[in-house]
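K.L.:
Pasting a structure below so you can have a look.
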Amino acid sequence: MMSAKLFNITTIFYMASTLAFLGYLAGRNKNIGLAGIVLAWGGFAIQSAALLLRWKESYDIGMGHAPLSNLYESVVFFAWSTVLIYGIIDAKYKYRIVGAFVMPFALLAMAWGQLYLPTDINPLMPALQSNWLLYHVLTCFLGYAGFAVACGVSIMYLIRARHDEKGGSKSGIISHFPPAKILDELNYKAIMIGFPLLTLGIITGAAWANYAWGTYWSWDPKETWSLIVWFIYAAFLHARFTKGWVGKRAAWLSIIGFAATIFCYLGVNLFLSGLHSYGGL
Amino acid sequence: MNTSNQRSFVQRLWDFFCSLKLTLFLLFTLAIASIIGTIIPQYPNIDERYWTTISSGKRALYESLGFFDMYHSWWFLAFLTLFSINLITCSIQRLPHVFKFISEPLLTLSESQQKSWSGDDINLTSTGEESKNRLAAFLTAEFATPVITKVEDQYHLFAQKNPWCRLGVYVVHFSILVIFAGAMIGNIFGYKGFVGIVEGDTVDHVELRNGKTIPLGFEVKCDQFSVTFYEMPGGGQSTMPKEFKSILTVTENGQEIPDYKHVRLIVNDPMTYKGITFYQSSYGQANNPDAFYFNVKDRNDDSSQQIVLRPGIPVELADGRKISIVDLSENPGEGLTAVLASEAKGSHQPNYFKVFKDHPSLDELRGDRFIFSLTGTNLKYYTGLQVNKDPGVWVVWIGCTLMCLGLCVAFFMSHKRIWIVLPDKGKARIYGNASKNQPSFKNEFEALTEKLNSQNI
């Protein structure tokens, strides 16, 4: 299949982009940083084409559904969303170095999908045959992607804050990170993108569940974990207005939030059972 | 002394419920507590085998803590109640300030405010009244219509955009309460039930999850049920259903209802009548088929005949031989297959042959005068329908819509304010303030100031 080849090329682009960003981190050569973002957008364009092609191919073999229905497809889509949200934040705030902490997430997802997961297009069970599938998965994954970017930025923040506390040198790699205050702001911005999208993802999921089964909320493990993630980021948003909860604690909260997101996305399917069991291995 | 103590106690209680620390505590507690129910199985989905994997002491402990129905346990509901109280008290405490902020905007800047807020000088070519009018026209065209206040010998022009967006966050908080209210309405006035209807049968009641039966107030008949399966890559049918479909007819006291005759019901496409919604949820075999329908075509004159075979009961054909059904199988890829025995008159040596339901013309190859094809059986399916009544669901959707709108307003819109202080003598200055997204407002403010300076006011 043509799309499979394109996904392989995408993986190579993301790997090259990650390497370029790491090179940028070490050498501070602006052109290498530019190469990093160009490779990321290039990979993104190829991946978009591959996703559309896979969608078409599913129609060719008589199954006809958006490429969002099994673990492989969701992992690939997670990489796509992460690059998109990172690309938007890069275009808006121009802190290129952030790519070194975000592109590895996209690369990791693509590599895992391409190397270890079954890539077949599967038929869609009746419960999944609905347009809600597209809206629900799209909103959830763009939300996850916002949290992935926030997590990458938070890791940078913790490194930078430690460096500042020690009164670190002004010449090392870390001194070229954006100032801690900016990283804190970027973290907040990324979560401000992720949180409404996650909310919309939970709501579209509830609307779909109500339409398919007549219950908008059934405390299924996946639903519950998405709510746990929602609680954590709601806490993050309120923590900003609470004394003693800004800075490092907020960064940790963002990292914990992303860990919960990953558990909600993968852990629930791999370790727990429930309505979303089709997403398992 | 006593009363002041009481007041301070009430005051402290109020402060406790208003505090953001309580909010954080509740959000973390709810998050952590919610994990329990994703690890321990929950009613009604507990497999009998689970009980053998835990000790009786553990079971008793979990049961007393409500862990098997955790999300409805008293302590979880208590946390949710506390969460609601926290939301309400926070809003009561802060909303009046916000309303005041919106309804009584800061029209003039005091000396100290002018000093502490960094403003920009404006170059004016005109003076006094004329400047004031031109500046007002400029703000109206480029930003918003200003309110002009005269303080001693100074004019203060104040213009603002989106003051109401400060309410966004309260809309989100309110929407959570609306969703809770919708859920409660559904719990009190609605129900969730299940009914299995065999093809051709009619039901007028449903069984609820708690075992009670509830009359529907009308009748539902399952006219027909059918299921189709995905094709396997190599041909033949897989075991994965592609679609299952019920055809339903609703009647009230035996009277048919317009638009509710032969309604098609599939997964993801429910049917609602009188506030009660039917969802296609499962299906199954209702009987063991014992009659098999065959079409028998005679090569000599091309005539066809329908016969019904039942196990143990032979049927005689036109040439006197007896046909009986010996065996039946249904395998993926092969489909329903019947083994028939054909015994010529007077012979006791039957011939055996297979007839495949999915390959109706295959029997021609046998070369016999009679060509058999298996057309069907008297197998009946039952259709499993989830039956719900939830009058609160619309309240929940209103809450969800409010939440999305509120989040968009709270996150992506900002209350922007501009002041111009025009003194009788000396330089006029412009000041700006935004409730959110300062960097983008800074750019907007600088562009506005630049334009103002270039306009020769």
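The values are calculated or read from the model by the stated rules, or taken from the named source; none is laboratory data. Because the structure is predicted, anything quoted here is derived from the model rather than measured. A quick note on method: Cβ atoms are made from the backbone with ideal geometry, for glycine too, and the neighbour counts reach across all protein chains shown.
K.L.:
Quick one: what pairs do we get from segment A:32-44, first residue among the hydrophobic types (A, V, I, L, M, F, W, C), second surrounded by 22 or more Cβ atoms within 10 Å (Cβ to Cβ) and not in a helix (DSSP H, G or I), C-beta under 9 Å, 6+ apart or different chains?
P.N.:
As it stands, the answer is none, since no pair meets every condition given.
K.L.:
Return only the number of the condition from (1) at pLDDT 90 or above; (2) in contact with a Phe, Trp or Tyr (Cβ under 9 Å, 6 or more places away or on another chain) that A:TRP252 does not satisfy.
P.N.:
For A:TRP252, the exception is condition (2).
K.L.:
Pull up segment B:94-122, narrow it to residues that are β-branched (Val, Ile, Thr) and closer than 29 Å to B:GLY426 by Cα, then point me to the one that is modelled with the lowest pLDDT.
P.N.:
Out of the qualifying residues, it is B:ILE122.
K.L.:
If you don't mind, there's one more thing I want to ask. Residues in segment B:43-58 that are among the β-branched types (Val, Ile, Thr) and either at the interface with chain A (Cβ under 9 Å from one of its Cβ atoms) or within 17 Å of A:GLU223 (Cα to Cα) (or both): how many?
P.N.:
0
K.L.:
Can you tell which of B:LEU87, B:LEU27 is over 20 Å from A:SER226 (Cβ atoms) and buried (at least 16 other Cβ atoms within 10 Å of the Cβ)?
P.N.:
Testing whether each residue is over 20 Å from A:SER226 (Cβ atoms) and buried (at least 16 other Cβ atoms within 10 Å of the Cβ) leaves just B:LEU87.
K.L.:
Just to be sure, is B:PHE294 aromatic (Phe, Trp, Tyr) and in contact with a Phe, Trp or Tyr (Cβ under 6 Å, 6 or more places away or on another chain)?
P.N.:
Yes, satisfied.
K.L.:
Could you list, in sequence order, the residues of segment B:293-332 that are at positive phi and either small (Gly, Ala, Ser) or part of a strand (DSSP E or B) (or both)?
P.N.:
Selection gives B:GLY312, B:GLY320.
K.L.:
Please specify each residue of segment B:423-441 satisfying the condition of being modelled with pLDDT under 90 and closer than 18 Å to B:LEU139 by Cβ.
P.N.:
Listed by number, the residues that qualify are B:PRO423, B:LYS427, B:ALA428, B:PHE441.
K.L.:
Let me ask something else. Which of (1) within 14 Å of chain A (Cβ to nearest Cβ); (2) more than 23 Å from the chain's Cα centre (by Cα) is the odd one out, the single condition B:ASN253 does not satisfy?
P.N.:
(1)
K.L.:
Testing B:TYR62 on (1) away from chain A (no Cβ under 12 Å); (2) closer than 25 Å to A:ALA250 by Cα; (3) hydroxyl-bearing (Ser, Thr, Tyr), one condition comes back false. Which one is that?
P.N.:
(2) is the only condition that B:TYR62 fails.
K.L.:
Restricting the search to segment A:67-109, which residues are closer than 20 Å to A:THR119 by Cβ, in contact with a Lys or Arg (Cβ under 8 Å, 6 or more places away or on another chain) and in contact (Cβ under 8 Å) with a residue 24 or more places away in the chain?
P.N.:
Correct list: A:PRO67 only.
K.L.:
Being within 17 Å of the chain's Cα centre (by Cα) and either farther than 30 Å from B:SER282 by Cβ or within 14 Å of chain B (Cβ to nearest Cβ) (or both): is that true of A:PHE195 here?
P.N.:
yes
K.L.:
Going by the structure shown, is A:PRO67 part of a loop (DSSP other than H, G, I, E, B) and within 14 Å of another protein chain (Cβ to nearest Cβ)?
P.N.:
No; evaluated as a whole, the condition is false for this residue.
K.L.:
Just to be sure before I move on: is A:SER175 in a loop (DSSP other than H, G, I, E, B), more than 28 Å from B:VAL409 (Cβ to Cβ) and more than 9 Å from every other protein chain (Cβ to nearest Cβ) in the structure I sent?
P.N.:
Spelling it out, it is not the case that A:SER175 is in a loop (DSSP other than H, G, I, E, B), more than 28 Å from B:VAL409 (Cβ to Cβ) and more than 9 Å from every other protein chain (Cβ to nearest Cβ).
K.L.:
Criterion first (part of a loop (DSSP other than H, G, I, E, B), away from chain A (no Cβ under 14 Å) and modelled with pLDDT under 90) does B:ASP290 satisfy it? Quick ask: steps written out before the conclusion?
P.N.:
Numbers: part of a loop (DSSP other than H, G, I, E, B): yes; away from chain A (no Cβ under 14 Å): yes; modelled with pLDDT under 90: yes.
In short, yes.
K.L.:
Pull up segment B:387-416, narrow it to residues that are part of a loop (DSSP other than H, G, I, E, B) and under 29 Å from B:MET271 (Cβ atoms), then point me to the one that is nearest to the other protein chains (Cβ to nearest Cβ).
P.N.:
Here the residue is B:ASP390.
K.L.:
Has segment B:166-188 got any residue that is closer than 19 Å to B:LEU107 by Cα, buried (at least 16 other Cβ atoms within 10 Å of the Cβ) and in contact (Cβ under 8 Å) with a residue 12 or more places away in the chain?
P.N.:
Yes, because at least one residue in segment B:166-188 is closer than 19 Å to B:LEU107 by Cα, buried (at least 16 other Cβ atoms within 10 Å of the Cβ) and in contact (Cβ under 8 Å) with a residue 12 or more places away in the chain.
K.L.:
Moving on to the next point. Can you confirm whether B:THR383 is at pLDDT 90 or above, assigned to a helix (DSSP H, G or I) and of a type in the set (S, T, N, Q)?
P.N.:
Taking the combined requirement at face value, the residue does not satisfy it.
K.L.:
Kindly indicate the residue of segment A:229-258 that is more than 8 Å from chain B (Cβ to nearest Cβ) and free of Cβ contacts under 8 Å to residues at least 12 places away in the same chain and also farthest from B:CYS90 (Cα to Cα) among those meeting that condition. Quick ask: steps written out before the conclusion?
P.N.:
Of all residues in segment A:229-258, those more than 8 Å from chain B (Cβ to nearest Cβ) come to A:229-230, A:233, A:236-237, A:240, A:243-244, A:246-258.
Those left that are additionally free of Cβ contacts under 8 Å to residues at least 12 places away in the same chain: A:243-244, A:249.
On the way: A:LYS243: 17, A:GLY244: 20, A:ARG249: 23 Å.
This residue is A:ARG249.
K.L.:
Any residue at all in segment B:33-42 that is touching a residue at least 12 places away in the same chain (Cβ under 8 Å) and more than 24 Å from A:TRP217 (Cβ to Cβ)?
P.N.:
no
K.L.:
Also, I was wondering about something else. For segment B:329-379, what are the residues that are charged (D, E, K, R), farther than 16 Å from B:ASN295 by Cβ and surrounded by fewer than 14 Cβ atoms within 10 Å (Cβ to Cβ)?
P.N.:
B:GLU330, B:LYS345, listed by residue number.
K.L.:
Could you identify the single residue in B:GLY119, B:GLY193, B:GLY200 that is out of contact with any Pro (no Cβ under 8 Å at 6 or more places or on another chain), closer than 30 Å to B:GLY217 by Cβ and more than 14 Å from chain A (Cβ to nearest Cβ)? I'd like the intermediate steps shown before the answer.
P.N.:
Working: B:GLY119 fails: closer than 30 Å to B:GLY217 by Cβ; B:GLY193 fails: more than 14 Å from chain A (Cβ to nearest Cβ).
That would be B:GLY200, the only listed residue that is out of contact with any Pro (no Cβ under 8 Å at 6 or more places or on another chain), closer than 30 Å to B:GLY217 by Cβ and more than 14 Å from chain A (Cβ to nearest Cβ).
K.L.:
Give the residue, chosen from B:TYR260, B:TYR283, B:TYR230, that is surrounded by 14 or more Cβ atoms within 10 Å (Cβ to Cβ), aromatic (Phe, Trp, Tyr), within 26 Å of the chain's Cα centre (by Cα) and within 14 Å of chain A (Cβ to nearest Cβ).
P.N.:
Step by step, each of B:TYR260, B:TYR283, B:TYR230 is checked, and only B:TYR283 is surrounded by 14 or more Cβ atoms within 10 Å (Cβ to Cβ), aromatic (Phe, Trp, Tyr), within 26 Å of the chain's Cα centre (by Cα) and within 14 Å of chain A (Cβ to nearest Cβ).
K.L.:
Considering segment A:199-217 alone, what residues qualify as being aliphatic (A, V, I, L, M) and within 10 Å of chain B (Cβ to nearest Cβ)?
P.N.:
Correct list: A:LEU200, A:ILE202, A:ILE203, A:ALA206, A:ALA207, A:ALA212.
K.L.:
Turning to a different aspect of this structure: From (1) in contact (Cβ under 8 Å) with a residue 24 or more places away in the chain; (2) over 15 Å from A:ILE173 (Cβ atoms); (3) buried (at least 18 other Cβ atoms within 10 Å of the Cβ), pick out the condition that doesn't hold for A:TYR24.
P.N.:
It is condition (2) that A:TYR24 fails.
K.L.:
How many of the residues in segment A:82-95 are in a helix (DSSP H, G or I) and surrounded by fewer than 18 Cβ atoms within 10 Å (Cβ to Cβ)?
P.N.:
Selection size over segment A:82-95: 5.
K.L.:
Still on this structure: Pairs under 8 Å by beta carbon, first residue at the interface with chain A (Cβ under 9 Å from one of its Cβ atoms) and touching a residue at least 12 places away in the same chain (Cβ under 8 Å) in segment B:16-27, partner hydroxyl-bearing (Ser, Thr, Tyr) and assigned to a helix (DSSP H, G or I), six or more apart or different chains?
P.N.:
Final answer for the pair search is none.
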